[in-house]
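Asker: Take this structure, written in structure tokens, and hold onto it; I'll ask about it next.
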């Protein structure tokens with residue numbers, strides 16, 4: 001993670017944002033005599049971000065429906081007998097941590113000096129918006145990827161932290177959710193993914209959400225998508 005955070009810092013424009021969705025990781029107990037453990041990954045990553053030249057901006061809490069965390073089994077023992085010391089709340093939240101590449105310039109500088117001021121005007125948030133750092137978003141499901149995040153989450157982040165025409169980089173592309181959201185919101189995108197199974201999913205699905213424009217995308221270390229028989233653009 002440090003290597004990735006460092007390399008993103010290298011290519012990130014001054015004063016622009018790195019937004020990461022992360023949560024503590026639960027390691028299940030190995031047997032009935034063993035104990036489960038939770039690793040405080042967000043707090044470990046925070047230290048790395050600061051050390052690698054970022055300033056902390058915000059901690060957004062993504063809240064899922066109340067029943068979303070019961071599958072992990074956390075809290076069932078306490079729910080059964082209510083004995084003190086055994087209390088473990090069911091986890092229904094994740095963090096969306098927002099960092100800015102360190103600079104002595106205010107965010108207003110990024111807005112005023114942006115080369116396309118018409119894009120700045122067109123990127124203004126119209127209508128309702130999230131007024132607090134608590135976002136209620138339904139989780140997403142994918143039959144292959146075990147931890148895909150919702151398209152709505154990617155859309156919110158892209159709307160709030162970029163302008164139309166910007167390049168959105170996702171170094172952990174998964175099944176391409178960030179690219180799909182970026183394209184929908186008239187941003188460009190760079191997706192990086194090392195798992196061949198996920199790359200294949202992106203290559204298969206990108207034709208559905210980009211149409212013919214997907215054939216003009218540059219593909220590195222993988223083949224372009226194949227147009228399926230009967231597909232119309």
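Asker: When only residues in the range 89-111 that are more than 30 Å from residue 51 (Cβ to Cβ) and in contact with a helix residue (DSSP H, G or I) (Cβ under 6 Å, 6 or more places away or on another chain) count, which is modelled with the lowest pLDDT?
Answerer: 90
Asker: Would you confirm whether any residue within the range 65-78 is under 30 Å from residue 9 (Cβ atoms), out of contact with any strand residue (DSSP E or B) (no Cβ under 6 Å at 6 or more places or on another chain), touching a residue at least 12 places away in the same chain (Cβ under 8 Å) and in a loop (DSSP other than H, G, I, E, B)?
Answerer: no
Asker: Something else: Within the range 130-150, can one find any residue that is closer than 27 Å to residue 92 by Cβ, within 16 Å of the chain's Cα centre (by Cα) and part of a helix (DSSP H, G or I)?
Answerer: no
Asker: Another question, if that's okay. May I ask you to list the residues in the range 95-111 that are part of a loop (DSSP other than H, G, I, E, B) and surrounded by 13 or more Cβ atoms within 10 Å (Cβ to Cβ)?
Answerer: Hits for the range 95-111 are 102, 103.
Asker: Could you tell me whether the range 220-230 includes any residue that is touching a helix residue (DSSP H, G or I) at 6+ places or on another chain (Cβ under 8 Å), more than 25 Å from residue 5 (Cα to Cα) and in a helix (DSSP H, G or I)?
Answerer: no
Asker: Follow-up. Would you check if residue 114 is under 23 Å from residue 20 (Cβ atoms) and either touching a helix residue (DSSP H, G or I) at 6+ places or on another chain (Cβ under 6 Å) or not in a loop (DSSP other than H, G, I, E, B) (or both)?
Answerer: Values: under 23 Å from residue 20 (Cβ atoms): no; either touching a helix residue (DSSP H, G or I) at 6+ places or on another chain (Cβ under 6 Å) or not in a loop (DSSP other than H, G, I, E, B) (or both): yes.
Taking the combined requirement at face value, the residue does not satisfy it.
Asker: Kindly indicate which of 182, 173, 154, 214 is in a loop (DSSP other than H, G, I, E, B) and touching a helix residue (DSSP H, G or I) at 6+ places or on another chain (Cβ under 9 Å). Spell out how you get there, then give the answer.
Answerer: Details: 182 fails: in a loop (DSSP other than H, G, I, E, B); 154 fails: in a loop (DSSP other than H, G, I, E, B); 214 fails: in a loop (DSSP other than H, G, I, E, B).
Criteria check complete, one pass: 173.
Asker: Does any residue of the range 74-86 turn out to be surrounded by 12 or more Cβ atoms within 10 Å (Cβ to Cβ) and at pLDDT 95 or above?
Answerer: No, that holds for no residue.
Asker: Still on this structure, please answer the following. Residue 121 is checked against (1) touching a residue at least 40 places away in the same chain (Cβ under 8 Å); (2) surrounded by fewer than 16 Cβ atoms within 10 Å (Cβ to Cβ) and fails just one. What number does that condition carry?
Answerer: Unmet for residue 121, out of (1) touching a residue at least 40 places away in the same chain (Cβ under 8 Å); (2) surrounded by fewer than 16 Cβ atoms within 10 Å (Cβ to Cβ): (1).
The values are calculated or read from the model by the stated rules, or taken from the named source; none is laboratory data. Quick caveat, the model's predicted, so the values are computed rather than measured. Don't worry about glycine lacking a Cβ; one is built from the backbone with ideal geometry, like all the others, and counts go over all protein chains shown.
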